[in-house]
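Colleague: Got a structure for you, questions after.
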Ligand code: HEC
C-alpha cells in the first residue's frame, strides 16, 4: 500500500536496485564541488608576486625602454619636469590667471605652511616645534632662482624635505610655484611701482591718527 511517505522517499521511488547508483552520483557531485574554481579565484599573479619565470624573481615587469603607457606621454619637459635643455625653466610654462594664484595660495596653505609658514619665512608650526628649519623664501638666492626650481623641489623633494609628487598633481605644483613668487613679491614690493593714488593712500596710512579702516576701504576700492 502506498503512503504519502513513500512518494517522498527517493530510494523507494527509484526502486531498491537504483539506490547505490544515486548514492554514488551524490558522492561524485560532492567531490567535484571541492574542485570548483570561480573566475574571481583564477590562478594568476597579483602585483609583485614572486615568479620563477623571470630572472629578477618578480612577476611585475618593468616598462620596456622607449614605450609610453596610454595617456602618459609627457613629452613637454618644461611642464612635466620644470626643465628645458636640462636646466630649471625661468618662466612658468603656462598662462597665469588670478585663479591659478588663488589655487596656489590654497594648496600652499594646505601643504607647505606647516613648515614654511604662511609668509614663506620658514617659521611654520612644525619648525617651531623642533623640525629642521627650511630657508626663508625671501632669501636673496631664492628670489633669483628660476621658478622651475620650486616645481622640482615639490616634485622630487630636497634634503630634509620629502617629495610631494604623490600628493600634489602637476598643475597644482605649478600653481604653488607661482604663488611662492607672489609671497616673495608681497615682502619685497617696490613703492615706485605704485600708482599716484596708491602712493597717496600709503602716505595717508602712515599718518598718525588716521582711522586705519578708512584707508583699508579706499585701498580696496583702488585695487578694483
Ligand atoms: C615637513 C616640513 C616641510 C614641508 C611641509 C615643506 N617643506 Fe619645503 N623644505 C623643508 C626643509 C626642512 C627644507 C630644507 C631642506 C634642506 O636644505 O635639507 C625645505 C626646502 C624647500 C625648498 C628649497 C629651498 C632651497 O634652498 O633651494 C623649497 C623651494 C621648498 N622647500 C618648497 C616647499 C613647498 C612648495 C612646499 C609645499 C608643497 C614645502 N616646501 C613643504 C621642509 C618642508
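None of the figures in this text is laboratory data; all of them are computed from the coordinates on show. Keep in mind the model is a prediction, meaning the values are calculated, not measured. Counting neighbours? That spans all protein chains shown, and the Cβs are built from the backbone with ideal geometry, glycine included.
Colleague: Quick one: which of 157-167, 99-109, 120-130, 69-79 comes out on top by average Cβ neighbours within 10 Å, and what's the full order, highest first?
Modeller: Per-residue Cβ counts within 10 Å, averaged per peptide and sorted highest first, yield 99-109, 120-130, 157-167, 69-79.
Colleague: Now, a different point. Using a simple spin-label model with points 7 Å from Cα along the Cα→Cβ vector, what separation in nm is obtained for residue 80 and residue 160?
Modeller: 3.4
Colleague: With a Förster radius of 41 Å, plug the Cβ-Cβ distance of residue 221 and residue 61 into 1/(1 + (r/R0)^6) and report the FRET value to the nearest 0.05.
Modeller: 0.05
Colleague: Efficiency by 1/(1 + (r/R0)^6): what FRET value for residue 46 and residue 170, r their Cβ-Cβ distance, R0 = 25 Å, to the nearest 0.05?
Modeller: Working from the Cβ atoms, E equals 0.25.
Colleague: Please compute the modelled spin-label separation between residue 68 and residue 38, points set 7 Å along Cα→Cβ, answer in nm with one decimal.
Modeller: About 4.1 nm separates the two model spin labels.
Colleague: Here's something else I'd like to know. Please give the contour-minus-distance gain from residue 203 to residue 18: 0.36 nm per residue of separation, less the Cα-Cα distance, rounded to one decimal in nm.
Modeller: 55.5 nm
Colleague: Same structure again: What FRET efficiency would be calculated for the residue pair residue 96, residue 186, taking the C-beta separation as r and a Förster radius of 25 Å, to the nearest 0.05?
Modeller: Approximately 0.95, to the nearest 0.05.
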